[in-house]
Amino acid sequence: MEEKVIDENKQGEALVLEAKEGNARKLYIESYGCQMNFSDSEIVASILAEQGFNTTQQMEEADLVLVNTCSIRDKAEQTVRKRLEKYNAVKKINPKMKVGVLGCMAERLKSKFLEEEKIVDMVVGPDAYKDLPNLLKEVEEGRDAVNVILSKDETYGDISPVRLGGNGVTAFVSITRGCDNMCTFCVVPFTRGRERSRDPKSIIEEVNDLAAKGYKEITLLGQNVDSYLWYGGGLKKDFKNATEMQKATATNFAQLLELVAQAQPKMRIRFSTSNPQDMTEDVLHSMAKYDNICNYIHLPVQSGSTRILKEMNRQHTREEYFELIDTVKRIIPDCGISQDMITGFPTETEEDHQDTLSLMEYVKYDFGFMFMYSERPGTMAARKLEDNIPEEVKKRRLTEIVDLQQKHSAYRTQEFVGKTVEVLIEKESRKSDAQWSGRTQQNTVAVFPKEHYKVGDFVMVKIEDCTSATLIGKAVGYSKVNN
Ligand code: SF4
């Protein structure tokens, strides 16, 4: 029987943890990187709950310490190495604890991790979490354990995640794993393998389970949600040929969005991450058709230069990206859009950089995630292109796009002033315990006085002021969704 435990994270924010009665062993798990990794850690916690583990926030009392790692940039890997030094110190006061590394860095380094980091007992890749019980047995019998085999069909669709430290209001639901796009700078295809989609039935089951537990918003997760495609099978005799059968029984991303929206009409639905080369108009029409599918898209572009996009093996041009943005704005005029951008990609000229700035000027994104190019071992770019942009040039270009984004974020938040928008309350504002914090449909943060409202309420908020990142307002009543 599962129970909810309210704990607190280091920031003093309330955390909702699920625990299994009778489980005596303690698991401490840390996650780094993308939302996919945080969602995977909930799968891992569920698999280990069947082995008698409940999660703890205190590493000092843990029997097993796991770190779910990211390999997207060198800095992410350095962060993990620093954490392992910390584990070393804790192991001195908690000698029984076993240490395992999960995720993309584990997949990239494989058994080399054991040689490089003596504290590590176990190395497990993103597709091998169901083997954890066996690997744990090996470790308990004093052997090191490694499983980094990538799978063509593992989606963990049959595992009900154990929610770890969320706010009890929003949750991630993974719909695809892996990626078939070979962007030349990216390690994901090597650390997470080929793309595969999860059975829509198991996705709907998980969404219904979350609704029953009181969650109010879900984010459908995938490295590239637009390439979601599930073949439902069916009887060969009913179709002229396999292609016809596939067409008739397939569920694509637009259809999945509608299935989820219909299954839980009062639940907010978000999704991430989209890919401009795969996004189709029917996804936008599905968004426009259902009030509970949020008007927000995270649409990474990485560069504004068609020449650099080609070097990155991104299958679209600058012009095609503009067309897509125009189509988004035509079908969903108030859609919030955010970006990912890389500066200083090999061979990037000042002119290419200016193309990135002018693309940002055209879109005026709500917010973005911007980084300097970090060469990743094993990627096409690392093999074919010299990392030839000087660090100080990368830094200057990064500063320019961050400053421009700041200006555009302020322009977008200013557009809300004077309007009344629906906000889902997620937690107490970091700045004041007299205020609630939540997000609009466009994924913009809003804060307002608490009054009689509570976490999980959908509230209509009149926006009176803003900063470049936050809307400031006053609640004027419940949203109709709340009824
Ligand atoms: S779409 Fe490109 S950047 Fe995104 S995960 Fe796939 S390979 Fe990496």
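The values are calculated or read from the model by the stated rules, or taken from the named source; none is laboratory data. For clarity, every value in this text was computed on a predicted model and none was experimentally measured. Counting neighbours? That spans all protein chains shown, and the Cβs are built from the backbone with ideal geometry, glycine included. To get the accessible areas, we keep the full protein, side chains included, count just its heavy atoms, and leave off ligands, DNA and RNA. Shrake-Rupley method; radii C 1.70, N 1.55, O 1.52, S 1.80 Å.
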field: residue 80 touching a helix residue (DSSP H, G or I) at 6+ places or on another chain (Cβ under 7 Å), assigned to a strand (DSSP E or B) and among the hydrophobic types (A, V, I, L, M, F, W, C)
entry: no
message: Condition first: within 16 Å of the ligand (Cβ to nearest atom), of a type in the set (A, V, I, L, M) and assigned to a loop (DSSP other than H, G, I, E, B). Can you find one or more residues in the range 135-158 that meet it?
response: yes
Filter result (open to solvent by less than 10 Å² (accessible area, probe 1.4 Å) and assigned to a loop (DSSP other than H, G, I, E, B)) within the range 473-483: 479
query: With 86, 91, 130 as the choices, which residue is without any contact (Cβ under 8 Å) to a residue 40 or more places away in the chain and over 17 Å from residue 31 (Cα atoms)?
result: 91
- prompt: What do you reckon, is residue 54 of a type outside the set (Phe, Trp, Tyr), out of contact with any Phe, Trp or Tyr (no Cβ under 7 Å at 6 or more places or on another chain), farther than 20 Å from residue 187 by Cβ and not in a helix (DSSP H, G or I)?
  reply: yes
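One line per residue, one yes/no per condition, for (1) open to solvent by 30 Å² or more (accessible area, probe 1.4 Å); (2) under 30 Å from residue 346 (Cβ atoms):
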position	(1), (2)
116	yes, yes
134	yes, no
138	yes, no
145	no, no
208	yes, no
- request: Could you look through the range 425-435, keep only residues that are closer than 25 Å to residue 408 by Cα and out of contact with any strand residue (DSSP E or B) (no Cβ under 6 Å at 6 or more places or on another chain), and pick out the one that is most open to solvent (accessible area, probe 1.4 Å)?
  value: 431
message: Conditions first: (1) more than 16 Å from the ligand (Cβ to nearest atom); (2) touching a strand residue (DSSP E or B) at 6+ places or on another chain (Cβ under 9 Å). Residue 116 passes all but one, so which condition is the exception?
response: (2)
message: Please go through (1) within 16 Å of the ligand (Cβ to nearest atom); (2) under 30 Å from residue 345 (Cα atoms) for residue 106 and return the number of the only condition it doesn't satisfy.
response: (1)
field: Hits in the range 60-70 - residues which are crowded, with 20+ Cβ neighbours inside 10 Å and under 9 Å from residue 27 (Cα atoms)
entry: 62, 64, 65, 66
- request: Find the residue count for the range 189-222, including only residues that are closer than 28 Å to residue 74 by Cα and within 16 Å of the ligand (Cβ to nearest atom).
  value: 11
statement: Note on the range 386-397: residues part of a helix (DSSP H, G or I) and open to solvent by 40 Å² or more (accessible area, probe 1.4 Å) are 391, 392, 395, 396
task: Please indicate, with yes or no, whether at least one residue in the range 256-270 is at pLDDT below 75 and either more than 19 Å from the chain's Cα centre (by Cα) or not assigned by TED's automatic domain parsing to the domain that holds residue 444 (or both).
output: no
message: Considering only the range 135-150, I want to know if a residue exists there that is within 30 Å of residue 257 (Cβ to Cβ) and touching a residue at least 12 places away in the same chain (Cβ under 8 Å).
response: yes
- line: The condition of being crowded, with 19+ Cβ neighbours inside 10 Å and free of Cβ contacts under 8 Å to residues at least 24 places away in the same chain holds, among 48, 109, only for 109
message: Give me the helices (runs of 4 or more DSSP H) completely within the range 276-378, filtered to those with at least 3 residues that are open to solvent by less than 10 Å² (accessible area, probe 1.4 Å) and of a type outside the set (Gly, Ala, Ser), ordered by residue number.
response: 281-289, 318-331, 350-363
- prompt: Of the residues that sit in the range 159-188 and are open to solvent by less than 10 Å² (accessible area, probe 1.4 Å) and β-branched (Val, Ile, Thr), which one is nearest to the ligand (Cβ to nearest atom)?
  reply: 187
- line: Residues in the range 436-472 that are open to solvent by less than 10 Å² (accessible area, probe 1.4 Å), touching a residue at least 40 places away in the same chain (Cβ under 8 Å) and more than 16 Å from residue 410 (Cα to Cα) total 3
field: Scope the range 190-206; condition open to solvent by less than 10 Å² (accessible area, probe 1.4 Å), out of contact with any helix residue (DSSP H, G or I) (no Cβ under 6 Å at 6 or more places or on another chain) and in a helix (DSSP H, G or I); matching residues
entry: 192, 203
